[in-house]
Amino acid sequence: MGTIGATLIRAGRRFLSSLPALFGVLVFTFLLMRVLPGDPAVFFASGPSAGKEEIEVVRKQLGLDRSLPEQLGIYLYDVGRGNLGRSMMTGQPVAKDLQQRLPASLELTLTALVIALIAAVPLGVLAALRPNSLIDHGVRLFCSLGVCVPTFVSGLLLIYVFYYLLGLAPDPTGRIDVFASVPPARTGFLMVDFLLAGDVEGWWAAARQLTLPAFTMALFVIAPLARITRASMLVSLGSDFVRTARSIGLSRWQIVVTYALRNAILPVITIAGIVFSTMLGANVLVEKVFSWPGVASYALDALLVSDYAPVQGFVLLMASIFVAVNLLVDVLYGIADPRATAA
Amino acid sequence: MYPVIFRHLISASAVLLSATLMASAARAQSRAETLRYVTAATVNTLDPNIPGSTREAFALSMSSYDRLVSFGRKQLNGKWVFDLDTITGELAESFSVSPDGLKLTFKLRPDAKFHDGSPVTAEDVKWSLDRCVTAPVLGKAQLLTGSLTSADQFKVIDPLTLEVTLPRPDKLALPNLATVYPIIINSKLAKSHATPEDPWALSWLKENEAGSGAYVVETFKPGEQAIARRNEAWNRGSPDKPASFKRLIIQSVPEPATRANLVERGDADLAIDLQASDVQALESKGKLKVISTPQYNAVTFISMNNKIPPFDNVNVRRAVAAALPYDDMFKAALFGRGTPLFGASWPDGTPPSGGYPIPQPVKLDLEKARAYLKEAGMPEGFATTFSFNVGQAATAEPMAALVKESLEKIGIKVDIQKLPDAQMSTSINEKKLPFFTEGIVAWLPSTDYFYRNFYTGNQRWNYSSTDNAELEKIAQAARFEPDKAKYEAEGKELNAIHFEQMFQVPLWQPAQDAVMVANLDGYVYQFTRQVDYRNLSRK
């Protein structure tokens with residue numbers, strides 16, 4: 001009880017201390033977008049007959065005719081009320097766009113992370129058990145390949161083999177077959193929504209749709225996870241308590257999994273947290289290749305056309321998620337290693 | 001025990017199997033009646049008038065809304081393209097132009113209904129056209145080019161008759177009513193969603209469709225897809241029956257290779273924005289139908305800002321025009337897919353036609369280029385930048401490399417700048433780029449239109465910042481020239497000035513490569529450079 005309370009208090013304190021950082025991110029992104037060359041009014045008033053007048057109309061609509069401090073004030077006031085502005089690109093409120101797209105990104109990223117962890121931890125452990133053996137080198141080779149091949153190359157390759165040549169995968173266009181019907185949106189996570197609607201066939205279709213992009217992303221992040229697992233397992237296996245455990249004749253499984261792995265898992269959790277936050281924002285290539293309607297490709301498209309509101313909303317969202325994930329990692333730390341809470 | 005379970009299992013799986021078979025048969029049926037169109041772009045509004053509308057939004061609006069009139073089609077080198085000179089009624093059953101050319105009278109189809117079942121009346125038409133020339137929408141600037149500027153010009157005569165008055169006879173007035181913007185909106189429905197701040201219901205119509213067109217929009221997810229179903233009551237097509245496909249799916253697939261795969265496997269029916277290299281590969285495999293139409297209302301340029309030194313010197317511009325490796329660029333950028341606007345021969349040194357654009361007698365001639373540079377007083381050359389936007393990188397990047405390489409040979413050092421799209425349009429608008437490549441498109445391509453819009457005034461589309469009094473005078477005069485022979489002569493004069501001054505270098509008209517499954521029929525190249533879904537059917 002005491003440890004849980006302590007963990008919660010620490011998490012709360014961490015959260016409060018991250019608020020100024022969030023505010024800084026907000027103001028910084030706002031200013032950065034305005035400093036970037038590229039005038040959204042000109043870009044969006046670009047019909048074949050748009051002239052000066054149209055540009056001015058758009059500028060006024062976007063509020064870009066006001067002074068910078070005035071714009072910032074309005075923006076902060078709006079954000080405070082939960083209004084992130086309107087995207088010129090999609091014509092929708094940014095908050096609505098992000099709300100629709102975030103579950104898509106989260107679903108993909110979480111699945112990829114789970115796949116990566118399931119593959120990386122055993123690989124790392126195997127490599128650590130027999131350092132410099134053939135297995136170790138094999139794991140190293142696999143990891144290097146995963147990292148050096150950019151995700152859009154591995155994505156296109158997987159599409160070419162599994163969709164184009166073999167016809168096993170469904171067409172790589174988004175979260176669900178365009179001809180299928182979408183379940184009533186409850187959580188936004190299709191895998192959950194289909195189950196809630198009791199539609200097994202739909203669930204299976206969505207799962208098939210998810211497989212290729214998730215594996216593409218997982219391939220890319222297996223390497224850091226496996227390498228960290230290996231390194232910290234090596235330290236853990238060489239430490240005194242493992243020697244003691246060995247000498248009193250505990251079973252190999254107990255030594256490796258219960259003692260060595262539990263102690264080695266802390267850095268893996270940290271890295272997994274960082275990998276998750278990074279993946280969420282950086283998986284834009286995977287989203288593009290698989291036409292995945294996620295937040296990263298949304299932000300990139302907006303950035304290219306200097307659509308301010310979506311980019312600002314995206315950065316704010318990412319910063320908040322980063323804070324949330326770090327909090328979660330802190331809490332998990334406490335569970336994995338009670339000393340972390342005491343300290 | 002076992003056999004019973006076994007029997008249950010068998011009967012259960014038999015039921016499951018037959019259900020699956022029936023479902024898949026139904027799916028195949030609906031698949032055949034569905035047109036699935038994949039594109040890199042996205043439909044971002046249901047009202048094409050909203051500033052920022054994408055070309056995909058234009059295309060969808062052609063199917064979801066009717067206009068008073070529409071363009072016919074004609075064959076150009078064996079391919080169907082839109083025809084500016086044939087204008088047929090769409091919502092108008094008939095129309096007439098008064099002998100003095102100042103009055104257009106439209107009789108509406110008595111059987112035309114909006115998607116909610118209410119009849120289309122002259123009141124709706126007037127409200128829609130008023131909106132187009134009054135509200136802050138894209139249509140305003142477009143209709144201006146047809147002398148349609150004020151709500152006073154539209155008069156309801158009776159519930160099925162509308163009269164349009166013009167301040168002067170204008171041959172572009174009628175074609176303008178067939179363009180994307182003057183959609184006819186269900187005014188009662190729209191007005192019920194108007195607010196005092198938004199009397200023209202701009203924000204409601206952006207996300208809701210209130211038209212009478214061939215398709216009814218069902219799902220609209222910007223950035224992902226738009227789905228529409230056929231309007232069974234629609235009879236405005238040329239054969240007086242509804243559109244052929246029952247369902248229409250417009251899906252955004254950003255990755256060009258994926259779009260190519262989808263069409264090749266038959267999962268998608270049509271794409272018009274594949275990479276030239278993919279198109280070539282697909283064409284050579286012979287499984288798909290590839291219709292390549294030169295975009296005859298578009299031009300790609302290498303532009304020079306005539307106000308920024310050294311490009312203010314006509315001899316520098318001529319030197320650049322003589323030092324461009326035209327054939328190599330055409331092959332590297334477009335894989336030869338398009339109509340070249342270089343390498344012509346003008347036997348008597350004057351333009352053979354008054355059309356625009358016409359192929360000019362320019363070709364790679366480094367000796368001549370050096371001579372021009374010398375004449376310009378810069379025999380040693382100079383340094384400059386060459387810009388293009390990221391969105392065009394697939395064609396512009398190889399082109400830029402060739403330009404750099406070739407100009408280096410006559411001493412011009414070129415630094416290549418790749419700019420994000422918004423930054424590129426801003427720099428062009430502010431007239432900051434000395435040397436760059438860009439394209440133009442005109443919905444109503446006529447010589448005077450091109451010269452008036454792309455070679456005059458301090459505005460974005462005057463890429464070369466041309467300021468030539470004579471050119472402006474002739475182009476303005478040609479605007480209202482009723483005599484065809486005189487118009488042709490004026491066009492020739494304009495083309496002669498263009499070549500003599502070499503404001504910028506027209507390179508080519510890129511082809512639009514429509515790649516479709518073999519059983520798709522009826523594709524017509526449209527002025528929007530998009531697909532008109534109403535044209536298509538499955539054989």
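FYI, it's all coordinate maths here, none of it is from the lab. Owing to the predicted nature of the structure, the values given are computational and were not obtained by experimental measurement. Here the Cβ positions follow ideal geometry from the backbone for every residue, glycine too, while neighbour counts run over all protein chains shown.
Which order, highest average first, do B:263-276, B:81-94 follow once you tally other Cβ atoms within 10 Å for each residue and take the mean per peptide?
B:263-276, B:81-94
What does the highest-first list of B:196-203, A:155-162 look like by mean Cβ count within 10 Å?
A:155-162, B:196-203
Pairs to check: B:K140/B:K473; B:K431/B:K492; B:K113/B:K241. Give those whose C-alpha atoms are more than 20 Å from each other in this structure.
B:K140/B:K473; B:K431/B:K492
Where nothing but the Cβ of Lys and Arg (+1) and of Asp and Glu (-1) is charged, how large is the charge dipole of the protein assembly as shown around its Cα centre, in debye to the nearest 20?
Value, rounded to 20: 2460 debye.
Suppose R0 equals 45 Å. What FRET efficiency, 1/(1 + (r/R0)^6) with r the Cβ-Cβ distance, do B:K418 and B:E488 give to the nearest 0.05?
0.65
What percent does the relative contact order of chain A come to when contacts are Cα pairs within less than 8 Å and at least six residues apart?
28 percent
Using only atoms on other chains, find how many Cβ atoms lie within 10 Å of each Cβ of peptide B:449-462 and report the average.
2
As I understand it, the value is the acute angle between the Cα axis of helix A:262-282 and the longest principal axis of the Cα atoms of chain A; what does it come to in degrees, rounded to 10?
Once rounded, the angle reads 20 degrees.
Rounded to the nearest 0.05, what FRET efficiency do B:K287 and A:A21 have when you use their Cβ-Cβ distance and R0 = 56 Å?
For B:K287 and A:A21, the calculated efficiency is 0.50.
Under a Cβ-Cβ cut-off of 15 Å, what is the net charge of the residues other than B:A371 that fall near it, where Lys and Arg count +1 and Asp and Glu count -1?
Once positives and negatives cancel, what remains is +3.
Working from Cα positions, state the angle (0 to 90°, nearest 10) between the long axis of helix A:200-237 and the longest principal axis of chain A.
Result, in degrees: 50.
How big is the gap, in Å, between the Cα center of region B:219-283 and the Cα center of region B:507-524?
Going from one Cα centre to the other spans 12 Å.
Hey, which aspartates and glutamates would be in cross-link range of B:K413, C-alpha to C-alpha under 13 Å, not counting anything within fewer than 8 residues on its own chain?
B:E380, B:E405
What average count of beta carbons from other chains do you get within 10 Å of the Cβ of residues in B:416-426?
6
Do the alpha carbons of any pairs in B:K79/B:K171; B:K103/B:K155; B:K331/B:K363 sit beyond 21 Å of each other, and which pairs?
Those over the limit are B:K79/B:K171.
In Å³ and rounded to a whole number, note down the convex hull volume per residue for the Cα atoms of chain A.
196 Å³
What are the principal axis extents of the Cα atoms in the protein assembly as shown, in Å, biggest first?
Projected onto its principal axes, the Cα set of the protein assembly as shown covers 108, 77, 59 Å.
Got a sec? Charge dipole of region A:1-100, +1 on Cβ for Lys and Arg, -1 for Asp and Glu; which of A:V94, A:P20, A:I55 is way out at the positive end?
A:P20
Mind checking which of A:G281, A:G124, A:G73 has the largest fluctuation in a GNM of chain A, springs on alpha carbons under 10 Å?
Answer for the Gaussian network model of chain A: A:G73.
How much length is gained if the chain between B:A383 and B:K432 is pulled fully straight, taking 0.36 nm per residue apart and subtracting their Cα-Cα distance, in nm to one decimal?
Value of the extension gain: 16.1 nm.
Between A:A336 and B:Q280, what is the label-to-label distance in nm when each label sits 7 Å out along the Cα-to-Cβ direction?
Simple spin-label model gives 5.2 nm for this pair.
Taking a spot 7 Å from the Cα of B:E123 along the direction of its beta carbon, which residues of region B:142-172 have an amide N less than 20 Å from it?
Only B:151-164 pass the distance filter.
Simple spin-label model, 7 Å along Cα-to-Cβ: A:R13 to B:E33 in nm?
Output for this residue pair reads 6.7 nm.
Any idea what the dipole of chain B comes to, in debye rounded to 20, about its Cα centre with Lys/Arg Cβ at +1 and Asp/Glu Cβ at -1?
1180 debye
Output the 0 to 90 degree angle, nearest 10, between the alpha-carbon long axis of helix B:314-323 and the longest principal axis computed from the alpha carbons of chain B.
Here the helix axis deviates by roughly 60 degrees.
If I take R0 = 60 Å and measure r between the Cβ atoms of A:K60 and A:S251 in this structure, what FRET efficiency does the formula 1/(1 + (r/R0)^6) give, to the nearest 0.05?
E between A:K60 and A:S251, to the nearest 0.05, is 0.20.
Sort B:D483, A:D337, A:D65, A:D330 so the one with the fewest other Cβ atoms within 10 Å of its own Cβ comes first.
Lowest to highest Cβ neighbour count: B:D483, A:D65, A:D337, A:D330.
Just grab the label-to-label distance for A:N132 and A:R208, each label 7 Å out from Cα along the Cβ direction, in nm (one decimal).
The modelled label-to-label distance comes out at 4.9 nm.
Express in whole angstrom the spacing between the alpha-carbon centres of region A:258-277 and region B:417-465.
Taking the Cα centre of each part, region A:258-277 and region B:417-465 sit 56 Å apart.
Give the distance, in whole Å, between the Cα centre of region A:306-334 and the Cα centre of region B:315-356.
Here the answer is 53 Å between Cα centres.
Please go through region B:410-492 and write out the trypsin sites (Lys or Arg not before Pro) that DSSP classes as loop and that have at most 15 other C-beta atoms within 10 Å.
B:K432
Could you work out the pair-distance distribution P(r) of chain B from its alpha-carbon pairs, with 20 angstrom bin width and percents rounded to whole numbers?
20, 49, 26, 5, 1, 0
Which of A:E56, B:E490 comes first, and how do the rest follow, when ranked by fewest Cβ neighbours within 10 Å?
Arranged by neighbour count, lowest to highest, A:E56, B:E490 become A:E56, B:E490.
Mind checking the mean number of beta-carbon atoms from other chains within 10 Å of the Cβ atoms in A:8-18?
Averaged over the peptide's residues, the number is 0.
Per DSSP helix of 4 or more residues, -39500 (n - 2.57); summed, then divided by the residues of chain A. What does that give at 222 nm, rounded to the nearest 500?
After summing the helix terms and dividing by the residues of chain A, the value is -24000 deg cm²/dmol.
Quick one: in region B:313-418, what % of C-alpha pairs are over 24 Å apart?
Pairs farther apart than 24 Å: 29 percent.
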